[in-house]
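K.L.:
One structure, pasted below without further comment.
The values are calculated or read from the model by the stated rules, or taken from the named source; none is laboratory data. Predicted model, so just to flag it, every value in this text is computed and none were measured. Quick reminder, even Gly has a Cβ in these numbers, built from the backbone with ideal geometry, and neighbours come from all protein chains shown.
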Amino acid sequence: MAGDLGRAARLFRRQRYSEVIRLLEPEIFQYRESFQFYHFLGMSCLRTGDLAGAFSYLKRAGQIRPEDLNISLALAVIYLRRGETGEAIEQWLEVQDNDPANKYARRGLNFLKNNPDPTADSLEMRKLERFIPSQGRLERVIPLIAVSIVAAALLAFGASYAVTKLRAPGAPTREGLDQATLQSSATLTQTTGQYRYVLTNNEIRAVFNRLRDEFAHYKDNLAQRDINRLIGSNASETVKEKARTLQSYLRTPNFATFKDSFSYKQVSSDPFLYQSCFVDWKGMVSNLKITSQKISFDFLVGYHNEQVLEGIVPVYLDFAADLRASTPFEVLGQVKLNGNHIELKGISIHQLMPGGG
């Protein structure tokens, strides 16, 4: 195995899953027929908490190599974590049909037999590792010290929110927070020019202080909105530069970590205010187009249950995905502007069950 796939294999064995994702995702079209590519990506997404990405990549891996039972075992874990126990059972039974002695499928079925209504604690990824074959190296966290356990769990889920909960009470210490200070006597406004939002000195200070609090507590989507508000306002260049600095520290979410979404109505009422923010919308895929460089489609927002159409938004993906027209999906995407029109850069997708659930 040469090139990027060889490097990805080494990173994967070292459990550096985020690096595997960063390395391989830009090469999605080059390796679109490679089982190893989708396997490494899917399993890495699973271990970092991106269930939608894991599902998409592993489904494609299964299409390329349907006889690989490890893919079915991984998909069973995804279904289990999504609360779709019937589908998880179906995957495990399929594995048993092909390999009656498979211990991983037996463990999964016994788990559901003894836990018909699993708790969130029992579905933590570190506890579900026993349902997936080892990748050639012991991947369980050895509990030598409590700190290593916490660090591994946080890495697995990418749960920045959990970081704030684990810290001792007191001022948050997020990297970049020291950039978010304003002099108490400073004049924060500009007096010339045209601005989208005209604010008083006190209003600018209030917005900046709110931004600082949102940033400190990892409420990145709310922080991005207030960054846009300051950049589009009559705030001084000093204030705007501080806002841009904080923006450089914001994180890209996944379905497992995302919170504070905005509705289509909110975004469409003032697109500039929500530029670069993330949204989690449900809808229907239409006008699907697939090229060698990207996938694009019109997203019928709110029409996942074929009842209310809130709006139509162009979406583009720079990664491969199993998409079908006239199918309900949930899209996690970043708001982009094309002139005054909204577009979404898709970050992750999840096919909804019939009926939009």
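K.L.:
(1) of a type in the set (Val, Ile, Thr); (2) at pLDDT below 95; (3) crowded, with 22+ Cβ neighbours inside 10 Å: which one isn't true of Thr245, the others all being true?
P.N.:
The failed condition is (3).
K.L.:
Consider Glu90 against the criteria (1) farther than 20 Å from Asn254 by Cα; (2) at pLDDT below 90: it satisfies all of them except one. Which criterion is unmet?
P.N.:
(2)
K.L.:
Also, quick follow-up: Going by what's in this entry, would Asn305 be described as surrounded by fewer than 16 Cβ atoms within 10 Å (Cβ to Cβ) and assigned to a strand (DSSP E or B)? Steps first, please.
P.N.:
On the way: surrounded by fewer than 16 Cβ atoms within 10 Å (Cβ to Cβ): yes; assigned to a strand (DSSP E or B): no.
No, not satisfied.
K.L.:
Out of the helices (runs of 4 or more DSSP H) lying entirely within segment 216-284, which hold 3 or more residues that are closer than 15 Å to Gln179 by Cβ and among the aliphatic types (A, V, I, L, M)?
P.N.:
On the way: elements: 220-231, 237-247, 264-269.
Fully inside segment 216-284 and qualifying: 220-231, 237-247.
K.L.:
Which condition from (1) assigned to a helix (DSSP H, G or I); (2) at pLDDT 80 or above is the one that Ile149 breaks?
P.N.:
Single failed check for Ile149: (2).
K.L.:
Just to be sure, is Phe297 farther than 12 Å from Val279 by Cβ and in contact with a Ser or Thr (Cβ under 9 Å, 6 or more places away or on another chain)?
P.N.:
Working: farther than 12 Å from Val279 by Cβ: yes; in contact with a Ser or Thr (Cβ under 9 Å, 6 or more places away or on another chain): yes.
Against the criterion (farther than 12 Å from Val279 by Cβ and in contact with a Ser or Thr (Cβ under 9 Å, 6 or more places away or on another chain)), Phe297 qualifies.
K.L.:
Let me ask something else. If I go through segment 308-349 residue by residue, how many of them are surrounded by 14 or more Cβ atoms within 10 Å (Cβ to Cβ), at pLDDT 85 or above and not polar (S, T, N, Q)?
P.N.:
Qualifying residue count for the region: 23.
The rows are residues; the columns are (1) at positive phi; (2) surrounded by fewer than 16 Cβ atoms within 10 Å (Cβ to Cβ).
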{"position": "Gln15", "(1), (2)": "yes, no"}
{"position": "Phe35", "(1), (2)": "no, no"}
{"position": "Met43", "(1), (2)": "no, no"}
{"position": "Leu46", "(1), (2)": "no, no"}
{"position": "Leu51", "(1), (2)": "no, no"}
{"position": "Asp68", "(1), (2)": "no, yes"}
{"position": "Ala74", "(1), (2)": "no, no"}
{"position": "Arg81", "(1), (2)": "no, no"}
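K.L.:
So, one more: Please find, among Leu73, Leu80, Leu41, Leu69, the residue that is within 21 Å of Asp322 (Cβ to Cβ) and touching a residue at least 60 places away in the same chain (Cβ under 8 Å).
P.N.:
Just a single option satisfies the conditions, and that option is Leu73.
K.L.:
Hey, another quick one. Here is a check on your reading of the model: is Thr48 in the same structural domain as Thr119 (by TED's automatic domain parsing), within 23 Å of Asn254 (Cα to Cα) and more than 22 Å from the chain's Cα centre (by Cα)? Spell out how you get there, then give the answer.
P.N.:
On the way: in the same structural domain as Thr119 (by TED's automatic domain parsing): yes; within 23 Å of Asn254 (Cα to Cα): yes; more than 22 Å from the chain's Cα centre (by Cα): no.
So Thr48 fails the test.
K.L.:
Restricting attention to segment 182-206, and to residues there that are free of Cβ contacts under 8 Å to residues at least 24 places away in the same chain and within 13 Å of Lys242 (Cα to Cα), which single residue is farthest from the chain's Cα centre (by Cα)?
P.N.:
That would be Gln183.
K.L.:
Among the residues of segment 243-270, write down those that are among the charged types (D, E, K, R) and in contact with a helix residue (DSSP H, G or I) (Cβ under 6 Å, 6 or more places away or on another chain).
P.N.:
Of everything in segment 243-270, those that are among the charged types (D, E, K, R) and in contact with a helix residue (DSSP H, G or I) (Cβ under 6 Å, 6 or more places away or on another chain) turn out to be Arg251, Asp260.
K.L.:
Turning to a different aspect of this structure: Can you run down the residue pairs with Cβ atoms below 8 Å, 6 or more apart or on separate chains, where the first is in segment 124-136 and within 14 Å of Gln15 (Cα to Cα) and the partner is at pLDDT below 85 and assigned to a loop (DSSP other than H, G, I, E, B)?
P.N.:
Taking only residues 6 or more apart or on different chains, the pairs are Met125/Gly49; Arg126/Arg140; Arg126/Val141; Glu129/Glu139; Glu129/Arg140.
K.L.:
Can you tell me which residues in segment 99-111 are of a type outside the set (Lys, Arg), assigned to a helix (DSSP H, G or I) and in contact with a helix residue (DSSP H, G or I) (Cβ under 6 Å, 6 or more places away or on another chain)?
P.N.:
Taking segment 99-111 first, the residues of a type outside the set (Lys, Arg) are 99-102, 104-105, 108-111.
Applying the additional criterion that residues be assigned to a helix (DSSP H, G or I) yields 104-105, 108-111.
If the condition is that a residue be of a type outside the set (Lys, Arg), assigned to a helix (DSSP H, G or I) and in contact with a helix residue (DSSP H, G or I) (Cβ under 6 Å, 6 or more places away or on another chain), then Tyr104, Ala105, Gly108, Leu109 are the ones that fit.
K.L.:
Check whether at least one residue in segment 14-28 is under 19 Å from Gln351 (Cβ atoms), over 16 Å from the mean Cα position of the chain (by Cα), among the hydrophobic types (A, V, I, L, M, F, W, C) and not in a helix (DSSP H, G or I), and report yes or no.
P.N.:
Our first condition is that a residue be under 19 Å from Gln351 (Cβ atoms); within segment 14-28, this holds for 28.
Next, from what is left, pick out any that are over 16 Å from the mean Cα position of the chain (by Cα): 28.
From the residues that got through so far, the ones that are among the hydrophobic types (A, V, I, L, M, F, W, C) too are 28.
Next, only the ones that are not in a helix (DSSP H, G or I) stay: 28.
Yes.
K.L.:
How many residues are within 26 Å of Phe131 (Cβ to Cβ) and not in a helix (DSSP H, G or I) if we restrict to segment 29-50?
P.N.:
Within segment 29-50, residues that are within 26 Å of Phe131 (Cβ to Cβ) and not in a helix (DSSP H, G or I) number 4.
K.L.:
Here's something else I'd like to know. Kindly evaluate Leu337 against the criterion of being in a strand (DSSP E or B), touching a residue at least 40 places away in the same chain (Cβ under 8 Å) and over 20 Å from the mean Cα position of the chain (by Cα).
P.N.:
For Leu337, the condition - in a strand (DSSP E or B), touching a residue at least 40 places away in the same chain (Cβ under 8 Å) and over 20 Å from the mean Cα position of the chain (by Cα) - is met.
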